[in-house]
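Accompanying notes for the structure given below.
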Amino acid sequence: MTVPNHFELLATDGAARTGKLTTPHGVVRTPAFMPVGTAGAMKGLHWREVRDAGADIVLGNTYHLMLRPGAERIAALGGLQKFTGWNGPMLTDSGGFQVMSLSELRKVTEQAVTFRSHIDGAKVELSPERSIEVQRLLGSDIAMQMDECVRLPAERADIERAMQLSLRWAARSKRAFESAPDGYMLFGIVQGGDVPELRHASARGLVEIGFHGYAIGGLAVGEPQAVMLAMIEETAPVLPADRPRYLMGVGTPEDLLEAVARGIDMFDCVMPTRNGRHGMAFTRFGQINLRNARHADDPRPLDEESAWPSARDISRAYLHHLVRSGETLGAMLLSDINIAYYQHLMQGMRDAIAAGTFEEFKKQTRAGWARGDI
Ligand SMILES: CNc1nc2c(CCNCc3ccccc3)c3nc(N)[nH]c(=O)c3cc2[nH]1
């Protein structure tokens, strides 16, 4: 039977698309940027700030939450939305990627990924079935299949092995997901590294199995931007045009612009909050490092024309002072400014695609970044 489709395409402009994805906890406007919560929180931000900035959906972290406070406990407390107070749509990753990047002593077999918890060293086994069970217990609106992501550069043989394993895990993930109530979604994840024919095989295999949406994984793992964009061009056309496409772990504002131009609908990245905590601000003029001494006496705000109060009403001198003195408020303000910038950029793309002016929008936006911080 065909998998229900909760995605509605509203307009296209070249390969760029704008649409809406309906989930049990609300509607997601695409192209969408999904801020990444870590252990059930958006570091340095209140949920109301995330919502006010324009985010429709956030990421929850399966790996962290299953270790602490535990998926069964969150389910007993009413699920992730109730537990955290974020009452909108949530997407959770399957946890495999975080295991490979966060934990020691891990091993990948046909059955599962086994690893030692980075919290208490306990041995944990994460199979496709357990990952789906955890994501169901968390109550996430969009779950991800369990997969194996290979860092680049890598041997073709290893990329092929991981891609084939991920396809077998895709089928197991879907079987484990069958009992989910209507409206909840499961996305497959395309692997295949930087090898076009492996990308094609992975995408075709996933479409054969059938998912609510399709993620492009195995990118933003050390490859040059040109390789990432080439793999999107190889993969997107093989995926169903009427289903959402999610590029995992991406990226800078420029990455978002170029990937939307190639047909991507959803993104997640830690950069807005992580860079914010390190004193970096994303603006219309590109990135500005507020740690830099040149801001010490600058009374100007980051952007006098910004619709976002923190970017329009706070001086660079004050932000510089907060960052230099390690005041928590510095990290909070910059995280807020960056999340708002990303959401403002996505709204601009959605409007431009709907108006058929995406190419012009891209040109103007890049020109702003090129102006640099005057
Ligand atoms: C940064 N570059 C990058 N990230 C990737 C991720 C994780 C996406 N972010 C999820 C997240 C959730 C909670 C907290 C933090 C992050 C991937 N996830 C999966 N499952 N598969 C991938 O191939 C894959 C590839 C990636 N590349």
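The values are calculated or read from the model by the stated rules, or taken from the named source; none is laboratory data. Small disclaimer: the values here were computed from a predicted structure and weren't measured. Here the Cβ is made from the backbone with ideal geometry for all residues, glycine too, and neighbour counts use every protein chain on show.
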### Query
Taking the stated definitions as given, is Arg51 free of Cβ contacts under 8 Å to residues at least 24 places away in the same chain and either more than 9 Å from the ligand (Cβ to nearest atom) or among the aromatic types (Phe, Trp, Tyr) (or both)?
no
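Evaluate segment 336-349: report whether one residue or more is assigned to a helix (DSSP H, G or I), farther than 30 Å from Asp298 by Cα and at pLDDT 95 or above.
At the first step, the residues of segment 336-349 found to be assigned to a helix (DSSP H, G or I) are 336-349.
With farther than 30 Å from Asp298 by Cα added as a condition, the list becomes 349.
Then drop every residue that is not at pLDDT 95 or above, which leaves 349.
Among the residues of segment 336-349, at least one is assigned to a helix (DSSP H, G or I), farther than 30 Å from Asp298 by Cα and at pLDDT 95 or above, which makes the answer yes.
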### Query
Any idea how many residues of segment 62-72 are away from the ligand (no atom under 15 Å from the Cβ) and of a type in the set (D, E, K, R)?
1
### Query
Which pairs have Cβ atoms under 7 Å, sit 6 or more apart or on different chains, and link a residue in segment 56-84 that is farther than 30 Å from His344 by Cα to one that is aromatic (Phe, Trp, Tyr) and surrounded by 18 or more Cβ atoms within 10 Å (Cβ to Cβ)?
Ile74/Phe83; Leu77/Phe83
### Entirely in segment 189-299, the strands (runs of 3 or more DSSP E) that have 3 or more residues that are within 13 Å of the ligand (Cβ to nearest atom)
213-216, 266-269
### Query
Within segment 284-293, restricting attention to residues that are surrounded by fewer than 21 Cβ atoms within 10 Å (Cβ to Cβ), touching a Gly at 6+ places or on another chain (Cβ under 7 Å) and touching a residue at least 12 places away in the same chain (Cβ under 8 Å), which residue is nearest to Ala340 (Cα to Cα)?
Arg284
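Can Met34 be described as within 14 Å of the ligand (Cβ to nearest atom), farther than 19 Å from Ala311 by Cα and assigned to a strand (DSSP E or B)?
Numbers: within 14 Å of the ligand (Cβ to nearest atom): yes; farther than 19 Å from Ala311 by Cα: yes; assigned to a strand (DSSP E or B): yes.
Yes, satisfied.
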### Query
Considering segment 74-128 alone, what residues qualify as being β-branched (Val, Ile, Thr) and either surrounded by fewer than 23 Cβ atoms within 10 Å (Cβ to Cβ) or in contact with a Phe, Trp or Tyr (Cβ under 7 Å, 6 or more places away or on another chain) (or both)?
Ile74, Thr84, Val99, Val108, Thr109, Thr114, Ile119, Val124
### Summary
Within segment 261-272, the residues that are under 17 Å from Ala41 (Cα atoms) and in contact with an Asp or Glu (Cβ under 9 Å, 6 or more places away or on another chain) are Asp268, Cys269
### Query
List, please: which pairs have Cβ atoms under 6 Å, are six or more places apart or on different chains, and start with a residue in segment 135-150 that is free of Cβ contacts under 8 Å to residues at least 24 places away in the same chain and end with one that is assigned to a helix (DSSP H, G or I)?
none
### Task
Might you check whether a residue that is over 13 Å from Gly276 (Cα atoms), touching a Lys or Arg at 6+ places or on another chain (Cβ under 6 Å) and surrounded by fewer than 21 Cβ atoms within 10 Å (Cβ to Cβ) occurs anywhere in segment 309-321?
no
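Does Asp56 qualify as being over 20 Å from Gly276 (Cα atoms) and modelled with pLDDT of 95 or more?
Details: over 20 Å from Gly276 (Cα atoms): yes; modelled with pLDDT of 95 or more: yes.
When the stated conditions are applied, Asp56 passes them.
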### Task
For residues that are of a type in the set (Ser, Thr, Tyr) and either surrounded by 22 or more Cβ atoms within 10 Å (Cβ to Cβ) or out of contact with any helix residue (DSSP H, G or I) (no Cβ under 8 Å at 6 or more places or on another chain) (or both), tally how many sit in segment 242-283.
2
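Does segment 294-305 hold any residues that are touching a His at 6+ places or on another chain (Cβ under 8 Å) and either within 14 Å of Ala340 (Cα to Cα) or surrounded by fewer than 20 Cβ atoms within 10 Å (Cβ to Cβ) (or both), and which are they? Reasoning before the result, please.
Filtering segment 294-305 down to residues touching a His at 6+ places or on another chain (Cβ under 8 Å) leaves 295-296, 298.
The answer is Ala296, Asp298.
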### Query
What are the residue pairs meeting all of these: first residue in segment 311-332, first residue within 17 Å of Asn292 (Cα to Cα) and part of a strand (DSSP E or B), second residue of a type outside the set (Phe, Trp, Tyr) and modelled with pLDDT of 95 or more, Cβ atoms under 7 Å, and 6 or more apart or on different chains?
Ser315/Asp298; Ser315/Pro299; Ser315/Arg300; Ser315/Pro301
### Task
Give Asp141, Asp182, Asp158 a once-over and let me know the one that is crowded, with 22+ Cβ neighbours inside 10 Å and either at negative phi or modelled with pLDDT under 95 (or both).
Asp141
### Task
State whether the residues of segment 73-83 include one that is more than 30 Å from Glu197 (Cα to Cα) and touching a strand residue (DSSP E or B) at 6+ places or on another chain (Cβ under 7 Å).
yes
### Residues (surrounded by fewer than 19 Cβ atoms within 10 Å (Cβ to Cβ) and over 12 Å from Met231 (Cβ atoms)) located in segment 198-218
Arg204, Val207, Glu208, Ile209, Gly210
### Query
Based on what the data block shows, is Leu59 in contact with a Leu (Cβ under 6 Å, 6 or more places away or on another chain) and either more than 12 Å from the ligand (Cβ to nearest atom) or under 21 Å from Gly249 (Cα atoms) (or both)?
yes
### Query
From the set of residues in segment 303-351 that are among the polar types (S, T, N, Q) and touching a helix residue (DSSP H, G or I) at 6+ places or on another chain (Cβ under 6 Å), which is farthest from Leu256 (Cα to Cα)?
Ser310
